[in-house]
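Contents: one structure, followed by commentary.
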Amino acid sequence: MTLQGLMRDIRQDPVCRAMLPVDMTMLYPAFSVKRGILCAHVLCHRAAVKPEGLEIWPPELRLEFACPRVRPISVVNLKFDGPYTEGTKVLPNRSPEEKARYSAAMRRLAALGDGLLAEWEETGAADVSPYNECLRSVLEPSQWQLLAAFAEP
Amino acid sequence: MDMRESMDRPLDTGVPESVEHPADWPINDSAILKNLEQARAGTENSEIAPDVLERIREARTDRSGQTDIIREYIDRARDTMADMRGGETERLAAGERGSDFDPDAFRESVKAGADQWHEQLEPNSCAIASQQFVISEYTGLPVTEAELIETASQMGWYEGLGTSSADVGNLLMAYGIDVTIRPEGDFDDLASALAAGDRVLTAVQNMAMTTEWADGYPAFSANHMVEVLDIDDSDPEDPRVIVNDPGIPNGRAMSMSRENFEDAWRTSGGYMCVAHRPEDGGRGAQL
């Protein structure tokens, strides 16, 4: 199982099909280990392309799946789970240098994810911290806050 | 994903910026929807035939049964509308098109779909707007997106968060349009449906459609729905996909590279909803 394969399976899961509106996108998952099971935590939010950049809404759903065989654990509507702010934020267009740095971080994230899943399938255990740290570097701080309680040791 | 050119190449279809229905439009589908709602609520309404009203009541708890009844009722309304127009029939060029590229048929097909485009009313109503494009084109009913939002809300197809992929197509069926859902379609499936004259709704990622942000944001799934009108393969070196995108101001009959489109579509795993054109070519052809 690769990270891409896992994301494909999450996307095709019947719970996602039923619960996730077609106009809401999923962010890359964070991982945790609970009761000896590898869990993926996925935030979902709206995003719109604007001339000045990307407008993003706060995450509205958090989906959790047992991995690597994708099995749903929970669906949380974040609007009803603690404080929720309605406002949107525009991420300005990035410079070529920023995009290059970001692309490098995403390649590293994919490699860490592939390694994590391969190790888990082989040994039934793996350290999720390197992957989660890398994910933290590509998410918005406000998005990471919603995952930190699950993803940090 | 590599950086590629933007898809905003304008397509000259001769389509006006907006489409106005005549003031003496014979059928008000708001009344139809109101009647349906009254029927669901069990209210007597003399405008609905008693046998239809009774069957709606019987099927109220059965969604598939409801769809059949709604379809029958709207078919009756469409027949009435056709009678009022003298029963004229006219086929769209789309559907008669063969496998060889025909520029005239292509232009006609795109124009018929582009006529229906408008920007979506709400941030999360892309699926409803896309279905409305098809309903308006096929049936000729002057149904508005606002009315469809209300209908979908009442039916539980548009609640709070938006439209789930499981509910895409329900509005089409409610208006008598047969649909086929393919969760994992490919480009050949898309081309086949378009060659048959059908419109296709696809789930895409709007960031991937614009190329630049697909490289710079950690999202991995589709977040938008667009209507595919046709494929322009007049230039084998640069095949284009023509879409009605309700999410952006210049989304009418927008031409984008096949590569860009497939990148954006792949984020949904190839989700497609084929709206089968009625055998009479679609009542919208009479407009």
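Some observations on this one:
- Dipole orientation for the range A:6-90: of the candidates A:Leu20, A:Phe31, A:Thr88, A:Phe31 has the Cα lying most toward the positive pole (charges on Cβ; Lys, Arg +1; Asp, Glu -1).
- Distance between the modelled labels on A:Asn77 and B:Asp102, one decimal in nanometres: 5.0 nm (7 Å Cα→Cβ projection).
- Placing unit charges on each Cβ (+1 for Lys and Arg, -1 for Asp and Glu) gives the range B:148-287 a dipole about its Cα centre, and among B:Met272, B:Gln154, B:Gly169 the Cα reaching farthest toward its positive end belongs to B:Gln154.
- Computed lengthening from A:Phe150 to A:Val90, 0.36 nm per intervening residue step minus Cα-Cα distance: 18.9 nm
- Net charge, A:Arg62 excluded, C-beta distance under 14 Å - Lys, Arg +1, Asp, Glu -1: -2
- Rounded, prolate or oblate (a/c below 1.5 giving rounded, otherwise prolate when a/b exceeds b/c) for the range A:3-151 by Cα gyration tensor: oblate
- From its DSSP helices (H runs of at least four residues, each -39,500 (n - 2.57)), chain A gives a residue-normalised ellipticity at 222 nm of -13500 deg cm²/dmol.
- Taking a ≥ b ≥ c as the square roots of the Cα gyration tensor eigenvalues, the range A:70-121 comes out oblate, since a/c reaches at least 1.5 and a/b does not exceed b/c.
- From phi via Karplus (6.51, -1.76, 1.60), per-residue ³J(HN,Hα) for the range B:232-240 in Hz, x at Gly/Pro: 9, 10, 5, 10, x, 7, 9, x, 10
Each value in this text was obtained by applying a stated rule to the coordinates, not by laboratory testing. As the structure is a computational prediction, the values presented were derived from the model and not from experiment. Backbone-built Cβ (ideal geometry, glycine too); neighbour counts: all protein chains shown.
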